[in-house]
1. Using θ = phi - 60° and the Karplus form 6.51 cos²θ - 1.76 cosθ + 1.60, what ³J(HN,Hα) does each residue of segment 129-141 get, whole Hz, x for Gly and Pro?
2. Using DSSP to define loop residues, name the chymotrypsin sites (Phe, Trp or Tyr not before Pro) in segment 250-328 whose beta-carbon has at most 16 other beta-carbon atoms within 10 Å.
3. Assign one of three labels to segment 49-93, namely rounded, prolate or oblate, based on the Cα gyration tensor with a ≥ b ≥ c the square roots of its eigenvalues; rounded applies when a/c is under 1.5, prolate when it is not and a/b is larger than b/c, and oblate otherwise.
4. Return one number: the angle in degrees, 0 to 90 and rounded to the nearest 10, between the long axis of the Cα atoms of helix 86-97 and the longest principal axis of the Cα atoms of the chain.
5. Give me the log10 of I(q) over I(0) for the chain at q = 0.12 Å⁻¹, as the Debye formula computes it from C-alpha points; what are the numbers?
6. With each label point set 7 Å from Cα along the Cα-Cβ vector, what nm distance links Ser197 and Gln112?
7. Dipole of the chain, Cα-centred, from +1 at each Lys and Arg C-beta and -1 at each Asp and Glu C-beta, to the nearest 20 debye?
8. Quick one: dipole size for segment 205-287, taken about the Cα centre, charges +1 on Lys/Arg Cβ and -1 on Asp/Glu Cβ, in debye to the nearest 20.
Amino acid sequence: MKRIVSGMRPTGKLHLGNYEGALKNWVKLQDSYESFHFVADWHALTSDYADTSKINENSILMVTDWLAAGLDPNKATIFVQSLVPEHAELHIYFSAVTPLGWLERVPTYKEQRENITDKDLSNYAFLGYPVLQAADICMYKAHYVPVGQDQVAHVELTREIVRRFNNFYGDVFPEPEALLTASPKLTGTDGRKMSKSYNNTIELSDSADVIQAKVRQMITDRTRVKKVDPGHPEDCDVCQMHRMFVAAGVADQFDDDCRNARIGCVDRKKALAQAMIDYLAPITERVNYYRDHQDEVRDIILEGSRRAREEAGRVMGEVRRAMNISWS
Ligand code: TRP
């Protein structure tokens, strides 16, 4: 089986956008790839170094949602980056062979330095973010990296680092490739892209009541004032979103009823909320289970990290020998 590696920064509870954009794909891939999935807690430090108080708690909450979504510790190796210190060692070796210019040119770096003003990102680690990511990927000699479009530049840089490293020290690492997740961007409850920073998310652990309340405040077709007015489902976030969670025929019928004013916006909102609740039901059930069994989540993380570390140790031995810094 080919190997995949992917990580997420510890953002805490995950939302439907995280699920559709990444997690669902991981769950699918675990049957056909040897999978390594980890909490990138050191990556959180590169920008959120000033307040580290939530990192641990958020890591556990996030893995809880991974398990609830169906990531299976018997198939995938689930671990936390900081529990595998070999990542830091490989990061040092990679940082030696990475020209500064490569890092300064990374689009996410330039963009975030320009746009993020509420934290000081003039620190060393923030520039080195993609080098640490390259170490994460190569630590397990991954062939593929399942990521969204925003991470492609980082995988590209990883390939360049691998080429330069192999060139100096011999063929140690395969060149990994991004495995793009083709998923439509999920709209949040305010019409913008679903994102934690916009406060417009449906969380995987939201109860039915919470989902209903969040969907109730969504905006529908602005030109439809009264129920007798014909609706325009193509201009309505609620209608569009409903379509993502039900069969096409069902959505078509709702669209038709909306256009002909046979149903109102409230009806469609109720249908959307219910569709989401049904869609999330198996996940919700497991979230509740793991919420009540946080010790089990901890044990899964510790066992996964132990397994990851075994593999990382093997690869580091090889790296040290290739670089002539081996003393054994
Ligand atoms: N940079 C990734 C993100 O923000 C997280 C990440 C860290 C990652 N290391 C990785 C993803 C290695 C894939 C492989 O989403």
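1. In residue order, the calculated couplings are 2, x, 6, 5, 5, 4, 5, 4, 6, 6, 3, 10, 6 Hz.
2. Trp327
3. oblate
4. Helix 86-97 sits roughly 70 degrees off the main axis of the chain.
5. Log10 I(q)/I(0), no solvent term: -0.89.
6. Between Ser197 and Gln112, the label points sit 0.9 nm apart.
7. 320
8. 280
Read-outs throughout are calculated quantities, based only on the coordinates presented, and are distinct from any laboratory measurement. Remember, it's a predicted structure, so these values are computed and weren't measured experimentally. For neighbour counting, all protein chains shown are included, and Cβ atoms are generated from backbone atoms with ideal geometry for every residue, glycine included.
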